[in-house]
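*Asks:* Quick one: structure below, then a few questions.
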Amino acid sequence: MFKIPFLDLPPLRGAAGTVRLPGSKSISNRVLLLAALSEGRTVVRDLLASDDTAVMLEALRALGCGVVQEGDTVSIVGLGGNLLAKQAKLFLGNAGTAMRPLTAALAVLAATQGGSFEVSGVPRMHERPIGDLVDALRGLGCAIDDLGNPGYPPLRLHGPSPLALDTPVRVRGDVSSQFLTALLLALPLVATRDIRIEVIGELISKPYIEITLALLARFGIAVRREGWEAFVIPAGSKYRSPGEVFVEGDASSASYFVALGAIAATDTPLRIEGVGRESLQGDVRFIEAAAAMGAEVQAGPNWLEVRRGAWPLKGITLDCNHIPDAAMTLAVMALYAHGPTTLTNIASWRVKETDRIAAMATELRKLGATVDEGPDWIRVQPLAHWQAAAIHTYDDHRVAMCFSLAAFNGLVTPAAVPVRILEPHCVAKTFPDYFETLFATVTADAADIPVITIDGPTASGKGTLADEVGKALGYGVLDSGALYRVAGLAARRAGVDLDDGDAVAALVPGLDLRFQDGHIFLGSEDVSARLRAEATGLLASQVAVHPQVRSALHQLQLSFRRLPGLVADGRDMGTALFPDAPLKIFLTASAATRAERRYKQLISKGIPANIEGLREDLEARDERDKNRATSPLAPAQDALLLDNSALGIEESVTQVLDWWQQRRPF
Ligand SMILES: Nc1ncnc2c1ncn2[C@@H]1O[C@H](COP(=O)(O)OP(=O)(O)OP(=O)(O)O)[C@@H](O)[C@H]1O
Ligand SMILES: Nc1ccn([C@H]2C[C@H](O)[C@@H](COP(=O)(O)O)O2)c(=O)n1
């Protein structure tokens, strides 16, 4: 996950490959609660690992459920309808799928068994309405105290108190379908007689109720339904664990990749695994909307394949009540359409993680789009003149994910612009690895992928600076010196004469090199520590003088230019490898400072060192690196000089990030 203040997406051009979706959030949290309410053990496989499931699991632990997690499999030993803990304070983050059902379940359990439970969340959760559910539960006889603003969390649920099960429980269905879901999940716990739930108003997001009913059936509860107006939990209903449940992929998350296929899969289709025509989730119907906009979609039982059909896309007018979450993706697809796109019946957007109608309108306008909005609709015009924009994400995962699609603007305008996604880690709510998955399936022109080069003499701090800048921007890092070190080490081990450029270069194609988690493997050997030895640095400097060796390593170095960007350190990054880099730094420090730094570095690793000897070695290395014929150590003409003799690491990093920001269009 990119835990950084912003992530810059360079212009993206194509898409292909296979995406394996994370588990569905809606199914994951429902199944966890159902397993917790059932008797016995339920093994839940392919569970979504995200913020919302994490708070649910934590709540279940606090309630006394046995929870054992191994990767994406969780084993839950349920309560069998009996409260083990009679008191708990549950923090539920911003997870509506945890807040609403847990409120209902704990309210009825406290009413029948006694107890006191507090449910709370992040500030935005305390702005998301729950009053209609609370009213329904109070009507049933549950004791619920408002701990903040009436109608909103936090709440205290306590008991015992008598429940009036003989009169229908009435709940509004036109604000959030989660209120009805919450009652459907909770009332089987107290079904000593038939319990009737009546929906007031037009029920929205009906497909989510279908998910609830299907999962209830898997856990032994056969709800009787009268259209979408009334539901009856039969007397004697009792949760029974099915033993094992597989969570299907998240259909709302699929929408970004369906859109990606529609926009950018021009050669081969993009394959999406985890959802398909047999999916329980209503958001799978997003494919119909995407097809109406021009996508070519093939669907198997649990997979989709999507490629570009009509181009530009076609503007549509669509009632999106059945796909409220995925519909946000349509609003960004609309930028690539011919004609306006109008999405209606989306009032629920206003009470989600943020006011999504306002958020989408504001951020689309930042890109230059013309957008109109109403209480429950939004209209987006196609965009011809794109502006680079920093997209505010409102702690809303879906805003972050759907705006990543704006980075394909280069497909419709010659003047492609990058897109900055602020607080990209908000995707952790449902799809922590969203951007990594995106980068694995999209292509960009190498020239569009930004590179920051940091060249300079040994021990000036290039590697340290490159690592920190890379971390701050979410960019990859190329330590080019390590490649020369590997070549030197391999030559020495093979007994090759280091002055024989052809012989050393001939070794390079056969090097079995692997880069993993900051370590470098040569074959199966982790050579990272060996490479950093001073002696290996000298070997590297010797083999680096040969043009044949430099050219043998050239392509490998270029291959590090990958999304979303690169920080490359070495001697010739700005002059020979990446002459088009938008920011080039030449990093220096006095020889005395560098020798002292290297001395401290070695001593801290328990390696004996002599400061005078180190200084002599590094000066000798500087001389060789500066005076060789091919790609000598020298600042690029357009490099910025940074002498960090008197600067700490943080100050150097701040300086480089400032220079970088000055070059960005945001
Ligand atoms: N600005 C700085 N102030 C103080 N110490 C620093 C600074 N920058 C780097 N260092 C320290 O100096 C040592 C050498 O830094 P680093 O290994 O990053 O240099 P380098 O230029 O990459 O060296 P080489 O060319 O040999 O790979 C490290 O211990 C690092 O922590
Ligand atoms: N781009 C590069 C990187 C490194 N070298 C040579 C010269 C150095 O002395 C040696 C080791 O580099 P270090 O790990 O200290 O950065 O490799 C080069 O010629 N060109």
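*Asks:* Can you say whether Leu489 is of a type outside the set (Asp, Glu), within 16 Å of ligand 2 (Cβ to nearest atom), assigned to a helix (DSSP H, G or I) and under 19 Å from Ile520 (Cα atoms), as far as the supplied structure shows?
*Replies:* For Leu489, the condition - of a type outside the set (Asp, Glu), within 16 Å of ligand 2 (Cβ to nearest atom), assigned to a helix (DSSP H, G or I) and under 19 Å from Ile520 (Cα atoms) - is met.
*Asks:* Hey, another quick one. Within region 584-596, is there a residue that is in the same structural domain as Ala636 (by TED's automatic domain parsing), touching a residue at least 40 places away in the same chain (Cβ under 8 Å) and farther than 17 Å from Asn644 by Cα?
*Replies:* No - not one qualifying residue is present in region 584-596.
*Asks:* Checking Gly236 against (1) over 28 Å from Leu335 (Cβ atoms); (2) open to solvent by less than 10 Å² (accessible area, probe 1.4 Å); (3) not in a helix (DSSP H, G or I), only one condition comes out false. Which one?
*Replies:* (2)
*Asks:* Moving on to the next point. Which count do you get for residues in region 192-212 that are touching a Leu at 6+ places or on another chain (Cβ under 7 Å) and either more than 28 Å from Asp250 (Cα to Cα) or not assigned by TED's automatic domain parsing to the domain that holds Asp166 (or both)?
*Replies:* 4
*Asks:* Another question about this same structure. Kindly list the number of the only condition in (1) away from ligand 1 (no atom under 16 Å from the Cβ); (2) among the aliphatic types (A, V, I, L, M); (3) within 25 Å of Arg598 (Cβ to Cβ) that fails for Val508.
*Replies:* Among (1) away from ligand 1 (no atom under 16 Å from the Cβ); (2) among the aliphatic types (A, V, I, L, M); (3) within 25 Å of Arg598 (Cβ to Cβ), Val508 violates only (3).
*Asks:* In this structure, does Arg138 turn out to be part of a strand (DSSP E or B) and surrounded by fewer than 24 Cβ atoms within 10 Å (Cβ to Cβ)? Talk me through it step by step, then tell me what you get.
*Replies:* Details: part of a strand (DSSP E or B): no; surrounded by fewer than 24 Cβ atoms within 10 Å (Cβ to Cβ): yes.
No, not satisfied.
*Asks:* Being open to solvent by 20 Å² or more (accessible area, probe 1.4 Å), assigned to a helix (DSSP H, G or I) and within 20 Å of Ala529 (Cβ to Cβ) narrows it down to one residue among Thr464, Thr437; which is it?
*Replies:* Thr464
*Asks:* Among (1) part of a strand (DSSP E or B); (2) of a type in the set (A, V, I, L, M); (3) open to solvent by less than 10 Å² (accessible area, probe 1.4 Å), where does Ala390 come up short?
*Replies:* (3)
*Asks:* Still on this structure: What are the residue pairs meeting all of these: first residue in region 636-651, first residue more than 16 Å from ligand 2 (Cβ to nearest atom), second residue acidic (Asp, Glu) and open to solvent by 50 Å² or more (accessible area, probe 1.4 Å), Cβ atoms under 8 Å, and 6 or more apart or on different chains?
*Replies:* Ile649/Glu468
*Asks:* Still on this structure, I have one more. Would you point out the residue of region 440-458, among those that are of a type in the set (A, V, I, L, M, F, W, C) and in a loop (DSSP other than H, G, I, E, B), that is least open to solvent (accessible area, probe 1.4 Å)?
*Replies:* Start the filter on region 440-458 by keeping residues that are of a type in the set (A, V, I, L, M, F, W, C), which leaves 440, 442, 444, 446-447, 449, 451-452, 454.
From what's left, in a loop (DSSP other than H, G, I, E, B): 444, 449.
Working: Ala444: 27, Ile449: 9 Å².
Going through the qualifying residues, I end up with Ile449.
*Asks:* Follow-up question, since we're still on this one. Can you list the strands (runs of 3 or more DSSP E) lying wholly within region 62-119 that have 3 or more residues being in contact (Cβ under 8 Å) with a residue 24 or more places away in the chain and touching an Asp or Glu at 6+ places or on another chain (Cβ under 9 Å)?
*Replies:* Because the criterion is at least 3 residues that are in contact (Cβ under 8 Å) with a residue 24 or more places away in the chain and touching an Asp or Glu at 6+ places or on another chain (Cβ under 9 Å), the strands (runs of 3 or more DSSP E) in region 62-119 that meet it are 87-91.
*Asks:* Sticking with this structure for a sec: Residue by residue through region 551-591, note down the ones that are small (Gly, Ala, Ser) and within 13 Å of ligand 1 (Cβ to nearest atom).
*Replies:* First, pick out the residues of region 551-591 that are small (Gly, Ala, Ser): 551-552, 559, 565, 568, 570, 574, 576, 581, 589-591.
If the condition is that a residue be small (Gly, Ala, Ser) and within 13 Å of ligand 1 (Cβ to nearest atom), then Ala568, Gly570, Ala589, Ser590, Ala591 are the ones that fit.
*Asks:* Taking the condition of being assigned to a helix (DSSP H, G or I) and without any contact (Cβ under 8 Å) to a residue 40 or more places away in the chain, how many residues in region 393-434 meet it? Walk me through it before giving the result.
*Replies:* Step one: list which residues in region 393-434 are assigned to a helix (DSSP H, G or I), which gives 397-411, 424-429, 434.
Of the ones still in play, those that are also without any contact (Cβ under 8 Å) to a residue 40 or more places away in the chain are 400, 426.
Residues flagged as assigned to a helix (DSSP H, G or I) and without any contact (Cβ under 8 Å) to a residue 40 or more places away in the chain within region 393-434 amount to 2.
*Asks:* Just the residues that are within 27 Å of the chain's Cα centre (by Cα) and over 25 Å from Ala459 (Cβ atoms), please, taken from region 547-578.
*Replies:* Leu558, Ser559, Arg561, Arg562, Leu563, Pro564, Gly565
*Asks:* While we're here: Which one is nearest to Leu7 (Cα to Cα), of the residues in region 543-552 that are in a helix (DSSP H, G or I) and either within 9 Å of ligand 2 (Cβ to nearest atom) or open to solvent by less than 30 Å² (accessible area, probe 1.4 Å) (or both)?
*Replies:* Arg550
Condition check ((1) of a type in the set (Phe, Trp, Tyr); (2) open to solvent by 10 Å² or more (accessible area, probe 1.4 Å); (3) within 14 Å of ligand 1 (Cβ to nearest atom)) across all residues:
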position	(1), (2), (3)
Ser460	no, no, yes
Glu468	no, yes, yes
Asp479	no, yes, yes
Leu489	no, no, no
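*Asks:* From the list Ala415, Ala407, exactly one residue is assigned by TED's automatic domain parsing to the domain that holds Tyr434, open to solvent by 40 Å² or more (accessible area, probe 1.4 Å) and either closer than 27 Å to Thr266 by Cα or under 19 Å from the mean Cα position of the chain (by Cα) (or both). Which is it?
*Replies:* After applying the criteria, what remains is Ala415.
*Asks:* Something else: Is it fair to say Ala105 is of a type in the set (Gly, Ala, Ser) and within 19 Å of Leu34 (Cβ to Cβ)?
*Replies:* So Ala105 fits the description; yes.
*Asks:* I'd like the residue in region 534-550 that is aliphatic (A, V, I, L, M) and without any contact (Cβ under 8 Å) to a residue 60 or more places away in the chain and, out of all such residues, is farthest from ligand 1 (Cβ to nearest atom).
*Replies:* The residue in question is Val543.
*Asks:* Checking Arg196 against (1) more than 35 Å from the chain's Cα centre (by Cα); (2) under 23 Å from Gly96 (Cα atoms); (3) in a strand (DSSP E or B): exactly one of these is not met. Which one?
*Replies:* The one condition Arg196 does not meet is (2).
*Asks:* Go through region 1-45 and report how many residues are open to solvent by 10 Å² or more (accessible area, probe 1.4 Å), more than 30 Å from Arg308 (Cα to Cα) and either under 19 Å from the mean Cα position of the chain (by Cα) or free of Cβ contacts under 8 Å to residues at least 12 places away in the same chain (or both).
*Replies:* 3
The values are calculated or read from the model by the stated rules, or taken from the named source; none is laboratory data. On a predicted model such as this, the values are computed, not experimentally measured, just so you know. Neighbour counts are summed over all protein chains in view; Cβ atoms, including those assigned to glycine, are modelled from backbone coordinates with ideal geometry. When the accessible area is computed, the model is the full protein with side chains, heavy atoms only, and any ligands, DNA or RNA have been set aside. Shrake-Rupley method; radii C 1.70, N 1.55, O 1.52, S 1.80 Å.
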